[in-house]
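The values are calculated or read from the model by the stated rules, or taken from the named source; none is laboratory data. Owing to the predicted nature of the structure, the values given are computational and were not obtained by experimental measurement. Here the Cβ positions follow ideal geometry from the backbone for every residue, glycine too, while neighbour counts run over all protein chains shown.
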Amino acid sequence: MSSFKNAQKQIDEVSGILQVEYQDKKKFQKAIALLKKPQKVLKKNITIKLDNGKAKRFWAFRSQHNDARGPFKGGIRFHPQVSEDEIKALSIWMSIKCAVVGIPYGGAKGGIKVDPKSLSEEELKSLSEEYAKFLAPHIGHWRDIPAPDVNTAEREMAWMLEAYEGKTGLHAPATFTGKPISLGGSQGRTEATGLGGFIILQNYIKASGSFPRRPAIAVQGFGNVGYWFSHFASLAGYKVICLSDSTGALLDKDGLDIGKVARLKQKFGSFEDAAKRSGTGFKFITNKELLELKVDVLVPAALENVINKDNAKKIDTRVILEMANGPTTLEAEKPLLLKKVDIIPDVLANAGGVTVSYFEWAQNLQGISWTKEKVNEELKKIMDNSFSQVYEIVKNKKVSYRKAAYILAVKRMIDAMMIRGRV
């Protein structure tokens, strides 16, 4: 099933539960139909001049899903697998995510079909600038606020902001989030997604009532999200026993030293080389083996669809905390739930990033800067409150965490559309 059809199906699965709360069934069904497709999809073949003087074209996309709750918000990814289908699905999930944590945005997502490793820094700069110029008439701090995503970061946001401001003739720092601090970026943004996920895990452990004092955790992925989640979990005394990158995973059943692992990664470039050449004695296993380890908490923090019908029966954990976007397929979710595995969905677990992007936007609009302590304090309030609201639905309606999050989010979006008179 395509990502977009998957996203649509997830909305369908909660519509039957929600329908009883609405007297006007026709309006409700119209609202559901609107939520299953983006309001606008922008696409263009953009051209840049390469360092060798030749011109090259790249497909560029932006899906703006639903702005009933506020301006569109979502990242921009540079990846060879970027497609219109994927971008549309991700924009729906961003709408859900923003509604789950109650921040005043609708979802969007953008991307360029490119392998960024194949381009020089100057070529990437040109690509970023052309993309921002293409989006310029369709974005802005009250319209659509892009941010970094896969293979983009502060650098690309700075390039895009400059190109956007050059095109519009305005200083508009609030149009992009995830910027460098010197251009109005927020303190605490770098670690926000990982920290937000750890706060959600703490809430889950507290709500579950019976959990090991030092739960064993396996984390697939050691990018920004996987690193910071592991850092905060380890700092709190939890036992992170396995961490992976694209080459494989390092395993130590007594718990890994996250700082040491980060230094090994930096020194050797990959976990495979670190395991072979560092002499640390860490066991090296595959990413497939990591997912099938017996652990208390499994954290997919890298790719989509890694937990699927092929490995669902071999998953041996109490809870899956989805720090990646869409790591669990619908086909895998059913057997896992039957095995009493709780799945904390991505739209709740990894919402810390967009929450701190919201703080960045608010700071830019007001022309102020918050301390990291204030950012983390406000992030904890929102993540704690969001978990509590989802957990109440889990208990009261006897549904999974994903369904509970979708019930909360879809209701908020439908109510916004109805209040506006869109349906």
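Per the conditions (1) in contact with a helix residue (DSSP H, G or I) (Cβ under 7 Å, 6 or more places away or on another chain); (2) over 13 Å from LEU298 (Cβ atoms); (3) free of Cβ contacts under 8 Å to residues at least 40 places away in the same chain, the sole criterion not satisfied by SER210 is (1). State whether the residues of region 401-421 include one that is within 27 Å of PHE72 (Cβ to Cβ), in a loop (DSSP other than H, G, I, E, B) and not aliphatic (A, V, I, L, M). Looking through region 401-421, at least one residue is within 27 Å of PHE72 (Cβ to Cβ), in a loop (DSSP other than H, G, I, E, B) and not aliphatic (A, V, I, L, M). Quick check on region 260-271. Is at least one of its residues in contact with a Ser or Thr (Cβ under 8 Å, 6 or more places away or on another chain), surrounded by 18 or more Cβ atoms within 10 Å (Cβ to Cβ) and under 24 Å from VAL341 (Cβ atoms)? There is no residue in region 260-271 that is in contact with a Ser or Thr (Cβ under 8 Å, 6 or more places away or on another chain), surrounded by 18 or more Cβ atoms within 10 Å (Cβ to Cβ) and under 24 Å from VAL341 (Cβ atoms).
Residues that are out of contact with any Gly (no Cβ under 6 Å at 6 or more places or on another chain) and either outside the structural domain of ASP67 (by TED's automatic domain parsing) or polar (S, T, N, Q) (or both) occur in region 146-153; there is at least one.
Taking the criterion of being closer than 20 Å to ILE205 by Cα and either under 25 Å from the mean Cα position of the chain (by Cα) or outside the structural domain of ASN224 (by TED's automatic domain parsing) (or both), the residues of region 273-317 that qualify are LEU293, VAL295, ASP296, VAL297, LEU298, VAL299, PRO300, ALA301, ILE315, ASP316, THR317.
Selection of region 188-227 for residues being in a loop (DSSP other than H, G, I, E, B) and under 19 Å from the mean Cα position of the chain (by Cα) yields GLY188, ARG189, THR190, GLU191, GLY221, PHE222, GLY223. Every listed requirement among (1) more than 28 Å from SER210 (Cα to Cα); (2) modelled with pLDDT under 95; (3) aliphatic (A, V, I, L, M) is met by ALA324 save one, (1). Residues that are in contact (Cβ under 8 Å) with a residue 60 or more places away in the chain, surrounded by 24 or more Cβ atoms within 10 Å (Cβ to Cβ) and part of a helix (DSSP H, G or I) within region 136-159 comprise just one, GLU156. Considering only region 225-238, I want to know if a residue exists there that is of a type in the set (Ser, Thr, Tyr) and surrounded by fewer than 20 Cβ atoms within 10 Å (Cβ to Cβ). Yes: one or more hits. If the condition is being buried (at least 17 other Cβ atoms within 10 Å of the Cβ), touching a residue at least 60 places away in the same chain (Cβ under 8 Å) and of a type outside the set (Asp, Glu), then region 286-311 contributes ASN287, LEU290, LEU291, LEU293, VAL295, VAL297, LEU298, VAL299, PRO300, ALA301, ALA302, VAL306. Kindly indicate which of ALA351, ALA404, ALA362 is aliphatic (A, V, I, L, M), surrounded by 23 or more Cβ atoms within 10 Å (Cβ to Cβ) and free of Cβ contacts under 8 Å to residues at least 24 places away in the same chain. Selected residue: ALA404, the only one of ALA351, ALA404, ALA362 that is aliphatic (A, V, I, L, M), surrounded by 23 or more Cβ atoms within 10 Å (Cβ to Cβ) and free of Cβ contacts under 8 Å to residues at least 24 places away in the same chain.
Residues in region 20-57 that are assigned to a strand (DSSP E or B) and out of contact with any helix residue (DSSP H, G or I) (no Cβ under 8 Å at 6 or more places or on another chain): ASN45, ALA55, LYS56, ARG57. Listed by position, the helices (runs of 4 or more DSSP H) contained in region 228-302 that have at least 1 residues being farther than 28 Å from GLY353 by Cβ and modelled with pLDDT of 95 or more are 287-291. Of LYS253, LYS206, LYS265, all but one fail to be touching a Phe, Trp or Tyr at 6+ places or on another chain (Cβ under 7 Å) and basic (Lys, Arg); the exception is LYS265. Restricted to region 306-321, and to residues there that are in a loop (DSSP other than H, G, I, E, B) and of a type in the set (A, V, I, L, M, F, W, C), the residue that is farthest from GLY221 (Cα to Cα) is ILE315.
Close contacts from region 1-16, counting a first residue that is not assigned by TED's automatic domain parsing to the domain that holds GLU331 and a second that is assigned to a helix (DSSP H, G or I) and of a type in the set (S, T, N, Q), with Cβ to Cβ under 7 Å and a gap of 6+ residues or different chains, come to none at all.
Are any of the residues in region 60-77 part of a helix (DSSP H, G or I) and surrounded by 17 or more Cβ atoms within 10 Å (Cβ to Cβ)? Scanning region 60-77 turns up no residue that is part of a helix (DSSP H, G or I) and surrounded by 17 or more Cβ atoms within 10 Å (Cβ to Cβ).
Taking (1) farther than 29 Å from ASN376 by Cβ; (2) surrounded by 19 or more Cβ atoms within 10 Å (Cβ to Cβ) in turn, ARG277 satisfies each apart from (2). Taken together, the residues in region 1-30 that are over 24 Å from the mean Cα position of the chain (by Cα) and under 26 Å from ALA332 (Cα atoms) amount to 3.
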